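**Q** First the structure, then my questions, so here it is.
The values are calculated or read from the model by the stated rules, or taken from the named source; none is laboratory data. Values in this document were obtained by computation on a predicted structure and should not be read as measured data. When we count neighbours, we look across all protein chains shown, and the Cβ atoms used for this are built from the backbone with ideal geometry, even at glycine. What goes into the accessible areas is simple: the full protein's heavy atoms, side chains included, and nothing from ligands, DNA or RNA. Shrake-Rupley method; radii C 1.70, N 1.55, O 1.52, S 1.80 Å.
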Amino acid sequence: FTAGLLYFYSNTYKCVALIGNIVISILTGMTMIVLLIVEPSALANNEIKVFITGYAVFAFCFTWIREIIKDIEDMKGDSVVGCKTLPIMIGSAPTKWLVVVLSGFLSASWVKLIKELLLKSEIFAEKLKEYKNLGIVRVVIEEPLLQSNNIYTVGTLLRYNTLILKNCYDVLGIIPTF
């Protein structure tokens, strides 16, 4: 399937507005979906499926934006060889606005996750202040098992460990060890 899409991309879709960009974006996103195909245990775990699918969608969107930007950069050469890319068809300025809008949507999709993480960090910092005057001189943070089958849990623990480390330093003045 992938080889076929690459063949059609190079021979047909490369010079077609948005289609070539979407084909490359699909192929990039599929690199993560392949994990679900080759690792049967991943299909049984809903958390892993959600994480991998989310990552694949992010890879697709980010690559699509990148491909549109590359089309803007390649306008001169593409017009010489007769390509009908989006920037050639509608112009550089409208295409740049499309990139801004797509980037905004991609960024906005992560805002909720970041806000939730920052809220949890604030709650932890407030709770940690209650222990500030107890004479704590050392904090040890357990590292997640990086060989774990649950990649979602490992990712979550790594994010929280970073927040815990920062809060321990900010509130207690201690750099935790791992």
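**Q** Express in nm, to one decimal, how much length is gained between K166 and I136 on full extension, taking 0.36 nm for each residue of separation and deducting their alpha carbon distance.
**A** Between K166 and I136, full extension yields an extra 9.2 nm.
**Q** Apply 1/(1 + (r/R0)^6) to the Cβ-Cβ distance of I19 and S109, taking R0 = 30 Å, and write down the FRET efficiency to the nearest 0.05.
**A** Once the sixth-power term is evaluated, E becomes 0.80.
**Q** Using a cut-off of 12 Å between beta-carbons, work out the net charge of the residues near I114 (Lys and Arg +1, Asp and Glu -1, I114 not included).
**A** Once positives and negatives cancel, what remains is +3.
**Q** Which entry is the computed Rg and Dmax of the Cα atoms in Å for this structure: [x] 15.3, 48; [y] 16.9, 50; [z] 22.7, 73?
**A** Checking each listed value against the structure points to [z].
**Q** Could you go through region 73-90 in sequence order and give the Karplus-derived ³J(HN,Hα) for each residue, using 6.51 cos²θ - 1.76 cosθ + 1.60 with θ = phi - 60°, rounded to whole Hz, and x for Gly and Pro?
**A** The phi angles translate into 5, 9, 3, 4, x, 5, 5, 5, 8, x, 6, 10, 7, 4, x, 6, 6, 10 Hz.
**Q** If a cysteine in the chain has no other Cys Cβ under 4.7 Å from its own Cβ, put it on the list, ordered by number.
**A** C61, C168
**Q** Name all residues of region 90-124 having a backbone nitrogen under 13 Å from the label point set 7 Å from the Cα of V57 along its Cα→Cβ direction, giving them as ranges.
**A** Correct set: 106-113.
**Q** Can you pull the percent of region 65-123's accessible area that's carbon plus sulfur, 1.4 Å probe, other chains left in place?
**A** C and S atoms contribute 69 percent here.
**Q** Using amide H atoms built in the peptide plane, which far-off residues or other-chain residues are under 5 Å from I174 H to H?
**A** Close amide H contacts, sequence-distant or interchain: Y169.
**Q** While we're on this one: Between V50 and V80, what FRET efficiency follows from the Cβ-Cβ distance if R0 is 41 Å, with the result rounded to 0.05?
**A** The formula returns an efficiency of 0.35 here.
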